[in-house]
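Below you'll find the structure, written out as structure tokens, and then a few comments.
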Amino acid sequence: MSTNSPIFPARRQALYEKYRYSAATRSGDLLFVSGQVGSRADGEPEPDLEAQIRLAFDNLQATLAAAECTLADIVDLTTYHTDPEHQFETVLKVKDEIFPAAPYPNWTAVGVNWLAGFDFEIKVVARIPS
């Protein structure tokens with residue numbers, strides 16, 4: 001039986017302590033990353049959608065790095081959008097820069113009506129390299 005180990009990126013511990021959750025959990029050779037949002041340094045949502053999406057991916061990369069993973073280790077990707085119809089073009093623009101070539105991770109995009117003031121959130125499952 002494998003044990004679960006919490007993973008935290010540098011300089012964001014207060015956020016996870018405040019809301020009582022782990023940025024990611026390692027279970028065996030898999031990493032389950034909690035939803036990452038595009039928060040500014042003060043924790044508030046970045047108001048510009050494209051900048052918010054980029055910050056969410058930056059926060060995701062910091063969490064992956066804390067577990068010695070990269071974007072290439074992502075197996076499954078789920079994104080959440082408060083207004084998918086109007087946001088999707090911007091999401092695809094940034095996503096195509098983040099994942100410019102195959103093989104691409106699985107991807108599920110979900111429309112939601114609330115993300116605590118954010119417009120975009122991303123969560124992933126990654127395989128931790130040996």
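The values are calculated or read from the model by the stated rules, or taken from the named source; none is laboratory data. A quick note: this is a predicted structure, and the numbers were derived from the prediction, not measured. Here Cβ is always computed from backbone atoms with ideal geometry, including for glycine, and neighbour counts include all displayed protein chains. Protein only, heavy atoms only, side chains kept; ligands, DNA and RNA dropped before computing areas. Shrake-Rupley method; radii C 1.70, N 1.55, O 1.52, S 1.80 Å.
For this structure, a couple of remarks:
- Protection proxy ranking for 111-118, 19-26, 5-12, using the average of other Cβ atoms within 10 Å per residue and placing the highest first: 19-26, 5-12, 111-118.
- Under a Gaussian network description of the chain, with springs only between Cα atoms under 10 Å, the residue in Pro103, Pro45, Pro84 that fluctuates furthest is Pro103.
- The apolar share of the surface of segment 46-130, taken as the fraction of accessible area on carbon and sulfur atoms (1.4 Å probe, ligands and nucleic acids excluded), comes to 52 percent.
- Expected 222 nm ellipticity per residue - DSSP helices of 4 or more, -39500 (n - 2.57), all of the chain, to 500: -10000 deg cm²/dmol
- Applying the criteria of a DSSP loop state and at most 16 other Cβ atoms within 10 Å to the GluC sites (Glu not before Pro) of segment 1-107 yields Glu68.
- Computed over the chain: relative contact order in percent, which uses C-alpha pairs under 8 Å that are six or more apart: 32 percent
- By the equivalent-ellipsoid construction on the alpha carbon gyration tensor, the chain comes out with semi-axes of 23, 18, 12 Å, ordered largest to smallest.
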